């Protein structure tokens, strides 16, 4: 069977929302994952086929591309948040943000596929302050250098019922009556996962989006302190937010990196906050201007 869409990274936070939207639009979706057991809700979508495959293996990626219709599309949502310190970035970031897009491009070219939608990040820059931003920037560069019909999306922090950002602070404000907060003035423009998914879905039917990169942001700019205060209200708890020097943030992140649990915050995350994660001055508000989306607010988050 040939499918309309190859959805890489579809078993994640954004992918699950996008898979449902693609099905609602009538697309058949091939979704590779190494974690079939964790994809229970995706099994309920009849037009979404889960395939046990490792997209970091080129032979598997090539086989997946062979299952896509010639006029179909490949969507890459893969992103990781943490890696060990290295210059310009570590092997985890390199594999996920740079080598995987390059391999996708090659596999698509081998099978005559042209339409490619790529998830990057607001602030992606090959010379950026963090490994995350540099690796995302190099991934973008590889996409732009290809002969594919690409569209790049660069969202700010994405929020939603199952996000890893707002919900992190919801958990922390439940645990602690007071929280020292470094980088409390760092700026973000959180965007709804539903709006991000809708932009991807609409772009598939908009040839005008080919060879464009779009910043995706919500309607409001928040400081880090305001986001944590929102999380505390969402958790229905009282947590005193105490602004702390930046070096305290590095010490906290360093401690998190060495705990025997999944990393909550890393020093590289702190480095990413050195640049405001907001729509650049005179930047295009793509969600409203290009895609005609009435953006959801953080306060309306369920």
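Only the coordinates and a few stated rules stand behind these numbers; no lab work does. Since this is a predicted model, take the numbers as computed values, not measurements. All Cβ positions, even for glycine, are placed from backbone atoms using ideal geometry, and neighbour counts span all protein chains on display.
Order of 196, 221 from fewest to most other C-beta atoms within 10 Å?
221, 196
At a Förster radius of 45 Å, what calculated FRET efficiency corresponds to the Cβ-Cβ distance of residue 174 and residue 126, to the nearest 0.05?
FRET efficiency, residue 174 to residue 126: 0.70.
Which parts of segment 1-26 would a label at residue 70 reach, counting a residue when its backbone N lies under 19 Å from a point 7 Å out along Cα-to-Cβ?
1-6
Figure the gain on full extension for residue 206 and residue 274 (residue separation times 0.36 nm, minus the Cα-Cα span) and round it to one decimal in nm.
Gain on extension, residue 206 to residue 274, equals 21.0 nm.
At R0 = 22 Å, how high is the FRET efficiency between residue 225 and residue 162 if r is their beta carbon distance? Nearest 0.05 is fine.
After rounding, the FRET efficiency stands at 0.40.
Once fully extended, how much extra length lies between residue 147 and residue 92, figured as 0.36 nm per residue of separation less the alpha-carbon to alpha-carbon distance?
17.2 nm
Does anything in segment 2-36 have its amide N under 11 Å from the 7 Å Cα→Cβ label point of residue 51, and if so which residues?
Inside the label zone: 2-8, 29-33.
Between residue 109 and residue 281, what is the label-to-label distance in nm when each label sits 7 Å out along the Cα-to-Cβ direction?
3.9
Could you work out the percent of alpha carbon pairs in segment 34-109 separated by over 21 Å, rounded to a whole number?
39
What is the fewest-to-most order of 162, 49 by other Cβ atoms lying within 10 Å of their Cβ?
162, 49
Round to the nearest 10 and give me the degree value, 0 to 90, for the angle of helix 13-24's Cα axis relative to the longest principal axis of the chain.
40
Compare the peptides 23-32, 176-185 by average per-residue count of other Cβ atoms within 10 angstrom and give them in order, highest first.
Per-residue mean Cβ counts within 10 Å order the peptides as 23-32, 176-185.
With label points built 7 Å along Cα→Cβ from the Cα atoms of residue 250 and residue 237, find their separation and express it in nm.
About 2.9 nm separates the two model spin labels.
DSSP beta bridges in the chain, what fraction antiparallel, as a percent rounded to 5?
Looking only at bridges with both residues in the chain, the antiparallel portion is about 5 percent.
Over what distance in Å are the Cα centres of segment 107-133 and segment 147-171 separated?
Measuring centre to centre over Cα atoms gives 15 Å.
As a footprinting exposure proxy, order 209, 297, 263 by other Cβ within 10 Å, with the fewest listed first.
297, 263, 209
I need the Kirkwood Rh of the chain: take the reciprocal of the average 1/r across all distinct C-alpha pairs and report it in angstrom.
Over the chain, the inverse of the mean reciprocal pair distance is 19.9 Å.
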